[in-house]
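The values are calculated or read from the model by the stated rules, or taken from the named source; none is laboratory data. It should be emphasised that the depicted structure is a prediction, and the values quoted were computed from it without experimental measurement. Because the Cβ atoms are built from the backbone with ideal geometry, glycine has one as well, and the counts that use them run over all protein chains shown. Please note that ligands, DNA and RNA were not included when accessible areas were found on the heavy atoms of the full protein model with its side chains. Shrake-Rupley method; radii C 1.70, N 1.55, O 1.52, S 1.80 Å.
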Amino acid sequence: EPPDTPNDFSCQTQDMRRVTCTWGQGGDTYLYGSNLPKYTLSEEFSKKMVQCTVSCSEQCSCSWDVGHQRMYNITVTVENPLGKKIATDVFDVTHRIYPAAPFQLWEKCTDTEITLYWKYQNKEIELFCQTEVLQPDGKVQLHNSSDTNLNYASITLGGLQPYTEYTVRVRCGAAKHFWRWSEWSEARTIRTMESTPSGKLDIWREITPVPGGQNVTLFWKQAADFRANGKNISYEVTWEKVEDGSKPESISFSSDYNSTSISIDNHSYRINIMAKNNVNYSLPSVLIIPRATGNKQLFCSFLVTEELKEEKVNGTDDGILISWKHRHIYNSYIIDWCNFPMLQPCDLQWKRFGPNTSSALINSGAFVPGVRYNFRIYGSVANTASLLEKKTGYLKELPPLHNPIVKKIELTSNTVTLFWDYHLTNESGFVKGYHVYVSPVQENCSLKGSKKHILPDDSVLCKYTIENPEEKKYTVKHLLPNTKYKLVVKAYTGGGETLIDNFRYIDTPFNSNMLYLLVLLVIVPSLVAALCHWKMKW
């Protein structure tokens with residue numbers, strides 16, 4: 001086949017000394033040996049052949065030295081025995097500058113700035129450069145610059161985060177007649193210098209009254225706006241009496257710690273917690289522990305807790321919804337809870353909310369169905385927190401873990417009264433009441449006043465519902481005398497009840513009134529008849 005027209009034919013220079021033209025070969029001609037396509041380059045303005053050696057791999061190229069000529073009209077000709085094709089490129093060599101990639105990058109840093117330097121080969125060409133900055137979050141920023149001198153170029157990148165790694169690289173193009181960017185330089189990863197920690201720690205406490213004072217467990221975590229801005233982070237806890245200005249006490253912890261316990265007397269205390277790196281301390285986070293007054297304060301916390309009734313809350317697919325009454329005097333609200341209520345320590349968690357908030361969806365990766373979580377809502381003003389409300393609920397209720405235990409059964413010929421015990425604590429859902437299931441052993445049940453309940457095997461039970469979980473007694477009426485029944489008591493929650501099994505069996509007694517009637521209607525007449533017959537015979 002004849003050759004294809006050379007595609008994407010263009011010429012450019014890196015240094016104004018040598019021009020390189022490149023083009024694509026096109027499709028296979030299916031000719032070999034001496035019949036392979038041959039390429040020649042000619043320059044129309046000078047009417048001369050271009051003296052260069054063509055080499056082809058993925059694409060073809062040919063390079064030659066530039067003289068004093070600026071304008072070129074280059075034609076590439078490809079031919080084989082079956083035909084020839086040409087492609088042309090007309091250009092001003094000063095408009096086709098493709099610089100070499102910058103090299104040998106180095107930097108000078110502060111905590112928020114990086115001044116980046118690099119060298120370049122095309123020192124006689126005025127360059128316009130672009131620096132790419134890869135942020136820690138994966139976002140990319142581009143910064144343009146034209147600050148060059150005879151030996152190197154530079155750019156100052158500001159507004160950076162302290163003690164943070166950034167990855168940078170540079171490329172350049174001709175400033176006067178931009179043709180295309182150079183290749184990127186090698187990437188360089190740079191860390192800014194350390195600085196004072198920014199923001200404050202988020203701190204919380206749990207107070208336990210004891211004789212003569214209070215035990216205070218302190219917790220801290222890095223808030224969303226907190227930045228360590230350095231390595232070797234540690235924490236310093238300081239506490240002092242508010243009133244008399246006594247000498248503060250303090251203790252330091254490594255970054256592995258996020259809580260501690262201290263014992264204080266009944267005075268009011270100010271507690272400061274700060275983060276520290278190699279440069280300085282962060283701003284202090286402050287808690288005020290109110291003054292306690294003798295035995296009254298010792299039991300005050302317990303009394304307040306007793307007075308606040310726990311309200312039930314509902315779980316959703318996304319968490320547990322907590323709402324509270326808004327109070328204008330507080331500038332923030334805090335909700336705390338235990339991620340693992342049955343363990344000790346229970347992994348106390350807390351979350352802060354603004355003054356205009358009155359509800360929140362609390363979620364945690366530790367929340368699981370069937371576990372009861374208790375929430376305390378505090379209002380905070382002047383660094384002092386007060387307990388306002390208590391909530392309790394489940395992410396999702398499950399059927400009860402245990403069945404009621406029937407302790408006593410009272411029978412008549414047509415009734416049965418059941419008495420049972422059931423402890424409502426530590427259940428997998430809020431117990432709403434009980435179901436009593438009854439059925440004759442030999443047939444399906446259809447007692448008056450009951451609802452039908454069909455089992456998987458299609459047998460029918462009579463179902464009675466007791467909606468008060470404190471009621472632990474029930475009488476089933478309208479039974480048949482002298483009949484064998486099976487029965488069971490089940491507790492139910494918002495998650496339902498467990499499988500209906502483990503029946504108790506009872507036999508209702510014979511009806512004594514029927515026995516008297518039988519004596520009167522059958523036995524007595526028979527005796528009279530027999531006596532008369534005997535007397536007549538005698």
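Run through segment 106-182 and list the trypsin sites (Lys or Arg not before Pro) located in a DSSP loop whose Cβ has at most 16 other Cβ atoms within 10 Å. Before the final figure, lay out the partial values.
Details: sites: LYS108, LYS119, LYS123, LYS139, ARG169, ARG171, LYS176, ARG180; in loops: LYS123, LYS139, LYS176, ARG180.
Filter output for segment 106-182: LYS123, LYS139, LYS176, ARG180.
Measure nothing fancy, just the Cα-based angle from helix 294-307's long axis to the longest principal axis of the chain, in degrees from 0 to 90, nearest 10.
Between the helix axis and the principal axis of the chain, the angle is about 80 degrees.
Arrange the residues ASP92, ASP265, ASP28 by how much accessible surface each exposes, largest first, with a 1.4 angstrom probe.
The ranking, largest first, comes out as ASP28, ASP265, ASP92.
Which one, PHE178, HIS328, PRO6, projects farthest toward the positive side of the charge dipole computed for the chain from Cβ point charges (K/R +1, D/E -1)?
Looking along the dipole axis, the top candidate is HIS328.
Could you work out [θ]222 nm for the chain from helices alone, using -39500 (n - 2.57) per DSSP H run of at least four and dividing by all its residues? Round to the nearest 500 deg cm²/dmol.
Values: 3 runs with 35 residues, N = 538.
Mean residue ellipticity, 222 nm, calculated: -2000 deg cm²/dmol.
When only DSSP loop residues count, what chymotrypsin sites (Phe, Trp or Tyr not before Pro) in segment 148-189 have their Cβ near at most 12 other Cβ atoms within 10 Å?
Values: sites: TYR152, TYR163, TYR166, PHE178, TRP179, TRP181, TRP184; in loops: TYR152, TYR163, PHE178, TRP179, TRP181, TRP184.
Sites meeting the loop and neighbour criteria: PHE178.
Given the options SER154, ASN444, PRO248, identify the residue whose Cα lies farthest towards the positive end of the charge dipole of the chain (+1 on Cβ of Lys, Arg; -1 on Cβ of Asp, Glu).
So the residue we want is ASN444.
Bin all alpha-carbon pair distances of the chain at 10 Å intervals from 0 and give each bin's fraction as a whole percent.
All Cα pairs, binned at 10 Å, distribute as 3, 11, 12, 11, 10, 9, 9, 9, 9, 7, 4, 2, 1, 1, 1, 0, 0 percent.
How large is ³J(HN,Hα) for each residue in segment 60-77, as worked out from phi by the Karplus curve 6.51 cos²θ - 1.76 cosθ + 1.60 (θ = phi - 60°), to whole Hz, x for Gly and Pro?
Result, ordered by residue: 9, 8, 8, 10, 8, 6, 8, x, 8, 6, 9, 8, 10, 10, 9, 10, 9, 10 Hz.
Express the accessible area of the chain per residue in Å², computed with a 1.4 Å probe while the remaining protein chains stay in the model.
Heavy-atom accessible area per residue stands at 57 Å².
If you take the beta carbon distance between ILE233 and VAL140 as r and set R0 to 41 Å, what does 1/(1 + (r/R0)^6) give as a FRET efficiency, to the nearest 0.05?
Details: r = 29 Å, r/R0 = 0.70.
So, using R0 = 41 Å, E works out to roughly 0.90.
Given the pairs LYS241/LYS276; LYS123/LYS176; LYS325/LYS391, which span a C-alpha to C-alpha distance of over 20 angstrom in this model?
LYS241/LYS276
Based on Cβ point charges of +1 for Lys and Arg and -1 for Asp and Glu, what charge dipole magnitude is obtained for segment 49-153 about its Cα centre, in debye rounded to the nearest 20?
Working: 8 positive and 13 negative charges, 84 e Å.
The dipole of segment 49-153 has a size of about 400 debye.
Please give the Cα centre distance for segment 159-186 versus segment 61-92, rounded to the nearest Å.
Their Cα centres are 33 Å away from one another.
So which lysines can LYS48 reach, going by Cα to Cα under 24 Å and dropping same-chain residues fewer than 8 places off?
Within the straight-line limit of under 24 Å, LYS48 reaches these lysines: LYS38, LYS84, LYS85.
Around ASN7, with a cut-off of 15 angstrom between Cβ atoms, what is the net charge of the other residues, counting Lys and Arg +1 and Asp and Glu -1? Intermediate results must be reported in sequence, preceding the final value.
Details: positive: LYS85; negative: ASP4, ASP8, ASP28, GLU58, ASP89.
Residues near ASN7 contribute -4 overall.
Sort the following peptides by mean Cβ neighbour count (other Cβ atoms within 10 Å, averaged over residues), highest first: 321-331, 96-106. Write out the running numbers ahead of the final one.
Working: 321-331: 13.7, 96-106: 18.4.
Going by the mean number of other Cβ atoms within 10 Å, highest first, we get 96-106, 321-331.
Report in % the part of the accessible area of segment 201-289 that belongs to carbon and sulfur, leaving out ligands and nucleic acids; probe 1.4 Å. Display every interim value, and only then the final one.
Numbers: 1980 of 4320 Å².
Result for segment 201-289: 46 percent of the exposed heavy-atom area is carbon or sulfur.
With a Förster radius of 22 Å, plug the Cβ-Cβ distance of PHE503 and ASN468 into 1/(1 + (r/R0)^6) and report the FRET value to the nearest 0.05. Don't skip to the end; give the middle numbers.
Numbers: r = 24 Å, r/R0 = 1.08.
Efficiency for this residue pair is about 0.40.
What full-extension length gain, to one decimal in nm, is calculated for LYS247 and TRP181 as 0.36 nm per residue of separation minus the Cα-Cα distance? Show your work: numbers first, answer last.
Working: separation 66, 0.36 × 66 = 23.76 nm, distance 6.57 nm.
Computed gain between LYS247 and TRP181 is 17.2 nm.
Quick one: helix 524-537 against the long Cα principal axis of the chain, what's the angle to the nearest 10°, folded into 0 to 90?
Tilt of helix 524-537: around 30 degrees.
Quick one: Karplus J couplings for segment 245-256, per residue in order, coefficients 6.51, -1.76, 1.60, θ = phi - 60°, nearest Hz, x for Gly and Pro?
Result, rounded to whole Hz: x, 5, 5, x, 10, 8, 8, 10, 9, 6, 5, 6.
Projected onto the charge dipole of the chain (+1 at Lys/Arg Cβ, -1 at Asp/Glu Cβ, origin at the Cα centre), which of LEU527, LEU127, ASN363 gives the Cα projection farthest towards the positive end?
Selected residue: LEU527.
Nearest 0.05, what FRET efficiency do SER364 and ASP458 give at R0 = 51 Å with Cβ-Cβ as r? Provide the component values of the computation, followed by the final result.
Working: r = 44 Å, r/R0 = 0.86.
It comes to 0.70.
For segment 392-449 and segment 468-495, write down the distance between their C-alpha centroids in whole Å.
6 Å
Would you rank TYR333, TYR474 by solvent-accessible area, highest first, keeping every protein chain in place and using a 1.4 Å probe? Write down the numbers at each step before the final one.
Numbers: TYR333 0, TYR474 60 Å².
Accessible-area ranking of TYR333, TYR474, largest first: TYR474, TYR333.
Which semi-axes, in whole Å and largest first, does the equivalent ellipsoid of segment 405-511 have when worked out from the alpha carbon gyration tensor as the square roots of 5 times its eigenvalues?
Result for segment 405-511: semi-axes of 24, 16, 11 Å.
What is the percent carbon and sulfur in the accessible area of segment 68-107, measuring with a 1.4 Å probe over the protein chains and ignoring ligands?
Working: 1100 of 2000 Å².
Answer for segment 68-107: carbon and sulfur cover 55 percent of the accessible area.
Let me confirm the definition first: pairs of Lys residues in segment 405-511, 8 or more apart or on different chains, C-alpha distance under 12 Å. How many are there?
Summing the qualifying lysine pairs gives 11.
Calculate the spin-label point distance for ALA224 paired with VAL441, positioning each point 7 Å from the Cα along the beta-carbon direction, and give it in nanometres.
6.6 nm
At VAL210 and LYS537, where each label point lies 7 Å from the Cα along Cα→Cβ, what is the point-to-point distance in nanometres?
So the label points at VAL210 and LYS537 sit 10.1 nm apart.
Taking segment 372-407, which chymotrypsin sites (Phe, Trp or Tyr not before Pro) meet the DSSP loop condition and have no more than 13 other C-beta atoms within 10 Å? Please list the in-between numbers first.
Details: sites: TYR373, PHE375, TYR378, TYR394; in loops: none.
The qualifying sites: there are none.
If you count, for each residue, the other Cβ atoms within 10 Å and average over each peptide, how do 410-421, 280-291 line up from highest to lowest? Kindly include the intermediate steps, with their values, before the conclusion.
Working: 410-421: 15.4, 280-291: 17.2.
The peptides rank, most packed first, as 280-291, 410-421.
Quick one: net charge around HIS267, please, counting Lys, Arg +1 and Asp, Glu -1 for every other residue with C-beta under 12 Å from its C-beta. Write down the numbers at each step before the final one.
Values: positive: LYS241, ARG270, ARG291; negative: GLU240, GLU243, ASP244, ASP265.
Around HIS267, the surrounding residues sum to -1.
Send over the semi-axes of segment 7-95's equivalent ellipsoid, whole angstrom and largest first, taken as the square roots of 5 times the C-alpha gyration tensor eigenvalues.
Details: eigenvalues 123, 34, 24 Å².
Rounded to whole Å, the semi-axes are 25, 13, 11.
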